[in-house]
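Note sheet for the following structure.
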Amino acid sequence: MNDLNALLEPGMLVQHPDKPDWGIGQVQSNIGGRVTVNFREQGKVVLDGERVTLLPVFET
C-alpha cells in the first residue's frame, strides 16, 4: 500500500488526484489496501491504494 494511503482513517476528507470533479470525499474504511470513500459528486467508490494516492483535505 502507498505510505500516504496507509495513514487514511475513517472520517478523513480526501480528493482523488485524477478526478477533481468527484469533489471531496470522506473515507469510510481502509482495509488491506482497499480504501472506500464516499465522494460528494460520485458516491461510494472502492479504490486500490496501490494504484491511487488520495490527497488529504484539511479545509473545506
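The values are calculated or read from the model by the stated rules, or taken from the named source; none is laboratory data. All values derive from a computational prediction rather than experimental measurement. In this analysis, Cβ positions are derived from the backbone assuming ideal geometry, glycine residues included, and neighbour counts consider all displayed protein chains.
Do we find that Val14 is surrounded by 14 or more Cβ atoms within 10 Å (Cβ to Cβ), part of a loop (DSSP other than H, G, I, E, B) and not basic (Lys, Arg) in this structure?
no
So which residues in region 36-52 are within 10 Å of the chain's Cα centre (by Cα), surrounded by 14 or more Cβ atoms within 10 Å (Cβ to Cβ) and at pLDDT 95 or above?
Passing the criteria: Thr36, Val37, Phe39, Val45, Leu47.
Are there any pairs with C-beta distances below 8 angstrom linking a residue in region 4-28 that is within 12 Å of Arg40 (Cβ to Cβ) to a residue that is charged (D, E, K, R), with the two at least 6 apart or on different chains, and if so which?
Cβ pairs passing all conditions: Asp21/Glu41; Trp22/Arg40; Trp22/Glu41; Gly23/Arg40; Gly23/Glu41; Ile24/Arg40; Gly25/Arg40.
Output the residues belonging to region 20-43 that are out of contact with any strand residue (DSSP E or B) (no Cβ under 9 Å at 6 or more places or on another chain), within 23 Å of Asp3 (Cβ to Cβ) and assigned to a strand (DSSP E or B).
Hit for region 20-43 is Ile31, nothing else.
Does region 1-11 hold any residues that are assigned to a loop (DSSP other than H, G, I, E, B) and in contact with a strand residue (DSSP E or B) (Cβ under 7 Å, 6 or more places away or on another chain), and which are they?
Within region 1-11, Leu8, Glu9, Pro10, Gly11 meet the criteria.
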